[in-house]
Amino acid sequence: MAVIGATALAALVVTTGPATAASSWCRIVVSSCKTGTIAPSSNHEIHIEARGNNICAGGWKVFDTGNGAQVGSGVVALGQVVTKTIPGLYGRYYLKITGCLGHTGTIKN
């Protein structure tokens, strides 16, 4: 009977479909890092967060994986956190963080 219950539960989980939220992050080890790729939200936007440290300033750039176009960029001052929403997106995107050891970046839909 437990097997039947587990099978029914698995069927229920599959029929609900996957979650639409996605995110990816990276942390600089040498001079830059790149997140994994994500699709935008159903509102066709992505959100980024870039975190600096107190050692050096850094930067962030978002790229379209389909055509390589840069769709957003900015600077991260010493010790600051930058958040940005980029609207009007339809492909798949990744975030690249530049700076020094310990800077982090997150991209999410």
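The values are calculated or read from the model by the stated rules, or taken from the named source; none is laboratory data. Being a predicted model, the structure only gives us computed values, none of them experimental. So basically every Cβ, Gly included, is an ideal-geometry build from the backbone, and we count neighbours across all protein chains shown.
Data for the structure
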| read-out | value |
| --- | --- |
| Residue pairs meeting the criteria (Cβ under 6 Å; at least 6 apart or on separate chains; first more than 19 Å from Pro40 (Cα to Cα) and of a type in the set (Asp, Glu), in region 73-100; second assigned to a strand (DSSP E or B) and at pLDDT below 95) | none |
| Search result, residues across region 19-67 that are touching a Pro at 6+ places or on another chain (Cβ under 8 Å) and assigned to a loop (DSSP other than H, G, I, E, B) | Asn43, His44, Glu45 |
| Residue list for region 90-109, filter: among the polar types (S, T, N, Q), within 19 Å of Asn54 (Cβ to Cβ) and under 14 Å from the mean Cα position of the chain (by Cα) | Thr104 |
| Breaking point among (1) at negative phi; (2) touching an Asp or Glu at 6+ places or on another chain (Cβ under 8 Å), for Pro40 | (2) |
| Tally of residues being under 14 Å from the mean Cα position of the chain (by Cα), of a type in the set (Val, Ile, Thr) and either surrounded by 15 or more Cβ atoms within 10 Å (Cβ to Cβ) or farther than 18 Å from Gly91 by Cα (or both) across region 25-70 | 6 |
| Tally, over region 75-89, of residues that are assigned to a loop (DSSP other than H, G, I, E, B) and either within 15 Å of the chain's Cα centre (by Cα) or under 16 Å from Thr35 (Cα atoms) (or both) | 2 |
| Neighbours by Cβ (under 8 Å, 6+ apart or cross-chain): first from region 47-71, free of Cβ contacts under 8 Å to residues at least 12 places away in the same chain; second of a type in the set (Val, Ile, Thr) and in a strand (DSSP E or B) | Gln70/Val62 |
